[in-house]
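Everything below concerns the one structure shown next.
The values are calculated or read from the model by the stated rules, or taken from the named source; none is laboratory data. Only a predicted model underlies this, so the values are computations on that prediction, with no experimental measurement involved. All Cβ positions, even for glycine, are placed from backbone atoms using ideal geometry, and neighbour counts span all protein chains on display. Quick note on the areas: whole protein, heavy atoms, side chains included, nothing else; ligands and nucleic acids left out. Shrake-Rupley method; radii C 1.70, N 1.55, O 1.52, S 1.80 Å.
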Amino acid sequence: MDKEQRRWARDEFAHFGQEFEPVLIHEDDNFFIMDWRDRNGSGNLATRYIVDKEKGDLIIKGDAGDCIASWYNQVTPENLVCYINSTYYFVEKIQCSSNKYTYEWSDVREDLNDKKQEFLGLYEDGELNDDISGFDIEEDFAEMEDILSGLDLNDNTVYPDNLTDLFQKYDSDWFESFTGLGKRIDKRVYLWTYGFQEGVERLRGKEFVRKDR
């Protein structure tokens, strides 16, 4: 999924780069500041990247959202180009940001169905509690889907008791296995990381090792 989304970001920038360009605003021993801006001077869709080399922070501000990611050690723009090759790793470094995850209903249903198939497989292999039948699994997961469809899913969703009771029926550690249904990294995060890598490479006039190549 990470590689697929990074390729999507690359394709977006193939079009985006025709009208926008990276501009080095400032660089010294402490800071690196780069803008992606419209060649015509418009501020629409502009994005600013600020690297605090001493503190190890990457600050992103723009129409696609804002973000602060921290490494707590000295960094260079070249370091960060390599560090953020994995978007999953980058997300772990984010201290605060605009929404970094989505919970699309199609993704929720996909994840829930995967769970259902997992438990149906366990049932067929005789590895489930004898009190749970294949019919129970179908009925329970249909009820889960119905309850979930009425919730506003996000990072802080509080699940109702009737839903958590169903989760717990299948896994006592349901908080680990059932929460996060439909959770996906927001596409804006892929644009942030690709934009930084592409901008630094253009400004430095050299390519670094990147997974999207």
| said: Looking at region 31-65 only, could you name the residues that are part of a loop (DSSP other than H, G, I, E, B) and charged (D, E, K, R)? | reply: R39, K53, E54, K55, D63
| Can you name every residue in region 129-155 that is closer than 18 Å to S172 by Cα and either of a type in the set (V, I, T) or in contact (Cβ under 8 Å) with a residue 24 or more places away in the chain (or both)? | I132, I137, D140, F141, M144
| note | Residue hits (region 91-123; open to solvent by 70 Å² or more (accessible area, probe 1.4 Å) and more than 17 Å from the chain's Cα centre (by Cα)) are R109, E110, D114, Q117, E118, Y123
| note | When restricted to V158, V108, the only residue free of Cβ contacts under 8 Å to residues at least 24 places away in the same chain and of a type in the set (A, V, I, L, M, F, W, C) is V158
| said: Considering only residues that are open to solvent by 30 Å² or more (accessible area, probe 1.4 Å), free of Cβ contacts under 8 Å to residues at least 24 places away in the same chain, on the phi < 0 side of the Ramachandran plot and assigned to a loop (DSSP other than H, G, I, E, B), which ones fall in region 66-90? | reply: N73, Q74
| Given the residues G180, G199, G126, which is the only one that is farther than 23 Å from E92 by Cα, of a type in the set (G, A, S) and open to solvent by less than 80 Å² (accessible area, probe 1.4 Å)? | G126
| Filter result for E21 (open to solvent by 50 Å² or more (accessible area, probe 1.4 Å) and part of a helix (DSSP H, G or I)) | no
| query | Restricting attention to region 131-146, does a residue exist that is part of a loop (DSSP other than H, G, I, E, B), at pLDDT 95 or above and of a type outside the set (A, V, I, L, M, F, W, C)? | reply | no
| field | Residue list for region 124-135, restricted to those being within 34 Å of the chain's Cα centre (by Cα) and either under 17 Å from T164 (Cα atoms) or of a type in the set (S, T, Y) (or both) | value | none
